[in-house]
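Note sheet for the following structure.
Every number here is computed from the coordinates shown, using simple stated rules; none is lab data. If you're wondering where the values come from, they're calculated on a predicted model, not measured in any experiment. Neighbour counts are summed over all protein chains in view; Cβ atoms, including those assigned to glycine, are modelled from backbone coordinates with ideal geometry.
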Amino acid sequence: MNTIKRGEAIRLLKEKCLSLVDDEHSLCEVAARRKVFCGGFSQWTFGELKERYDWIVARNPRITRAELEELANRWQLARQFVSDCNLSCDNQLGETHHQTCKGWDEFKNEELALYCKELCDRELQVVPDEPVEESVQDSAR
């Protein structure tokens, strides 16, 4: 089994995920619909989804799950555009006002390895990236 660093695994997943999304479908929507990756919107109960998108629910307390997922998808796409990010996972890393998840930081290395197998058909062991301090020290030796 090949071993790769966390950053490389994320790069592989981003490459694959970019082929799954378009201007109307965020990665959160695609993951929920195709039952891949983290599961997107479908990973949460309706109550949890309402908590994560409470600013949308506040304007429409009687919103259905389907309506909320549609608006959440549009919100993710709009935030990606404003933040100049191509994937919701990238956008969520820097989101300060309405963070719905931790983006790539949400996933453990073992989960990234599972997603690499599931989406990229590559069986890999994902290990942590080298801390910056160690890299600097190693290059000074």
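What percent does the relative contact order of the chain come to when contacts are Cα pairs within less than 8 Å and at least six residues apart?
Working: 146 pairs, mean separation 49.2, N = 141.
That works out to 35 percent.
Karplus couplings for segment 32-40 from phi (6.51 cos²θ - 1.76 cosθ + 1.60, θ = phi - 60°), rounded to Hz, Gly and Pro as x?
Working through the residues one at a time gives 5, 5, 8, 6, 10, 6, 7, x, x Hz.
Of CYS17, LEU68, PRO128, whose Cα points farthest to the positive end of the dipole of the chain (charges on the beta-carbon: +1 Lys, Arg; -1 Asp, Glu; origin at the Cα centre)?
LEU68
Please identify, among GLU48, GLU69, GLU130, the residue showing maximal mean-square fluctuation in a Gaussian network model of the chain using a 10 angstrom Cα cutoff.
GLU130
Report ³J(HN,Hα) in whole Hz for each residue of segment 86-103, in order, from the Karplus equation J = 6.51 cos²θ - 1.76 cosθ + 1.60 where θ = phi - 60°; Gly and Pro get x.
9, 9, 4, 4, 5, 5, 5, 4, x, 5, 10, 8, 9, 6, 9, 7, 9, x
Read phi for every residue in segment 48-54 and hand back ³J(HN,Hα) as whole Hz from Karplus 6.51 cos²θ - 1.76 cosθ + 1.60, θ = phi - 60°, with x for Gly and Pro.
Couplings: 5, 5, 5, 5, 5, 10, 4 Hz.
Go through (i) 1.04; (ii) 1.01; (iii) 0.96 and flag the label whose value is the computed Rg/Rh (Cα atoms, Kirkwood Rh) for this structure.
(i)
For an R0 of 35 angstrom, estimate the FRET efficiency from the Cβ-Cβ distance between GLU67 and ARG122 and round to the nearest 0.05.
Working: r = 37 Å, r/R0 = 1.06.
Efficiency for this residue pair is about 0.40.
Hey, can you rank 88-95, 119-126 by average C-beta count inside 10 Å, highest first?
On the way: 88-95: 20.8, 119-126: 15.5.
Packing proxy ranking, top to bottom: 88-95, 119-126.
Amide H neighbours of LYS5 under 5 Å, at least 5 residues apart or on other chains, H built in the peptide plane: list them.
VAL127
Describe numerically, in nm with one decimal, the distance between label points set 7 Å from Cα along Cα→Cβ at ASP54 and at HIS98.
1.4
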